[in-house]
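This report concerns only the one structure given below.
Please treat every number below as a calculation from the coordinates, not as lab data. The shown structure was predicted, so the numbers you read here are calculated from the model rather than taken from an experiment. Cβ: placed from backbone, ideal geometry, glycine included. Neighbour counts: every protein chain shown.
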Amino acid sequence: MDNNNWPESGDFVVCTVKNVVDFGAYTTLEEYGGKEGFIHISEIKAGWVKYVRDYVREGQKIVCKVLDVDPNRRHIDLSLKDVNEHQKRAKIQDWKNEQKAEKWLQFVAEDTKTNPKKMEEVKSILMEEFGSCYTGFEEAAISGKEAFEGIGISKKLAAKIAEIAQENIKLPFVDIAGYVDLTSNAPDGIEVIKKALKAATKIKDDDVRINVTYTGAPRYRIKIIAPDYKTAESVLKKASDKAIDYIEKKGGKGIFHRHIETAKA
């Protein structure tokens, strides 16, 4: 990973314990090129800690929370006690998934004879567009190569990513969509609509993904990917309500359509 890439305060990171000392433990951050972090004894566990080795040992993989980052000093302060079991399991799973995605990208490069520089560009696009490489593969497993339309990934690479994703990821998800018609006569109407659509994507649910696309003025498609139809329908309603509420508060109009009828010949 880029040597200038640093975690941010509040991030959860996967670490390998490098050296345990009386006053804490030194670690290397797996996702940040082996950058070193330090866990002070006070951040090992809530309450009094007599021996750090009672809680961590060299070579152990742990999940820590980033407390402070100082790139100039190349120093990262970490906490082990601020990570609960749910956060630990989720982070380890995310990390394992990213490792899988890295391997799949190598397969893509080999099968398409794509050079490393180009694959780094693809990786950056996946990170920027989907938040992680694995999520990009998940989208491809669900939507095929169409998941990458208009984001700068060639058709050849998109097709290969989709092929590998569909071979390796079995998602127990359902996929539904609804539509909102949003209009605004305000001078900054375009920005109002953008913010209304952004509001639609802010529904908090770790197991649900929301994607909004433009289908033709004034219509926008809200796609929901969720573990089951009940959850999907609930989130679709909440997302569309958010968009409509926002635009109506700004003096515009919004209408929701669960299905769009096509004209008969």
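Note the per residue figure in Å³ for the convex hull of the C-alpha positions in region 86-168.
Measuring per residue, one finds 86 Å³ for the Cα hull of region 86-168.
Give me the one-decimal Kirkwood hydrodynamic radius in Å for region 174-257, with the sum taken over alpha-carbon pairs.
Result for region 174-257, one decimal place: 12.6 Å.
With r as the distance between the Cβ atoms of SER132 and GLU110 and R0 = 25 Å, compute the FRET efficiency 1/(1 + (r/R0)^6) and round to 0.05.
Efficiency computed from Cβ-Cβ geometry: 0.70.
Quick check: Cα centre of region 150-219 to Cα centre of region 228-256, how many Å?
A separation of 14 Å, based on Cα centres.
Once the Cα atoms of helix 189-200 and of the chain are each reduced to a long axis, what angle between those two axes, in degrees from 0 to 90 to the nearest 10, is obtained?
Its long axis makes an angle of about 60 degrees.
Would you calculate the separation in nanometres between label points at LYS61 and ARG221, each defined as 7 Å from the Cα along the Cα-to-beta-carbon direction?
3.8
Quote the convex hull volume per residue of region 110-153, based on C-alpha atoms, as a whole number of Å³.
74
Go through 26-37, 214-225 and give me the packing order, highest mean Cβ count within 10 Å leading.
In descending order of packing, they fall as 26-37, 214-225.
Taking the highest mean first, how do the peptides 86-94, 154-162, 142-150 order by number of other beta carbon atoms within 10 angstrom per residue?
Highest-to-lowest ranking by the protection proxy: 154-162, 142-150, 86-94.
Measure nothing but the geometry: give the 0 to 90° angle between the long axis through the Cα atoms of 116-130 and the longest principal axis through the Cα atoms of the chain, rounded to 10°.
Helix 116-130 sits at roughly 70 degrees to that axis.
How many percent of the alpha carbon pairs in region 33-177 exceed a separation of 21 Å?
In whole percent, the share of Cα-Cα pairs in region 33-177 beyond 21 Å is 56.
Assuming a viscosity of 0.890 mPa s and a temperature of 25 °C, what translational diffusion coefficient in µm² per second does Stokes-Einstein assign to region 12-83, Rh being the Kirkwood radius over Cα pairs?
This corresponds to a translational diffusion coefficient of 207 µm²/s.
Could you run the Debye sum over the Cα atoms of the chain, one equal point scatterer each and no solvent, and tell me log10 of I(q)/I(0) at q = 0.14, 0.16 Å⁻¹, two decimals?
-1.08, -1.19
Dipole of the chain, Cα-centred, from +1 at each Lys and Arg C-beta and -1 at each Asp and Glu C-beta, to the nearest 20 debye?
I would put it at about 420 debye.
With 5 Å bins from zero, work out the P(r) of region 117-265 over every alpha carbon pair and list the percent per bin.
2, 9, 17, 18, 17, 15, 12, 6, 3, 0, 0
For a Förster distance of 41 Å, can you work out the FRET efficiency between the beta-carbons of ARG73 and VAL212, rounded to the nearest 0.05?
Once the sixth-power term is evaluated, E becomes 0.45.
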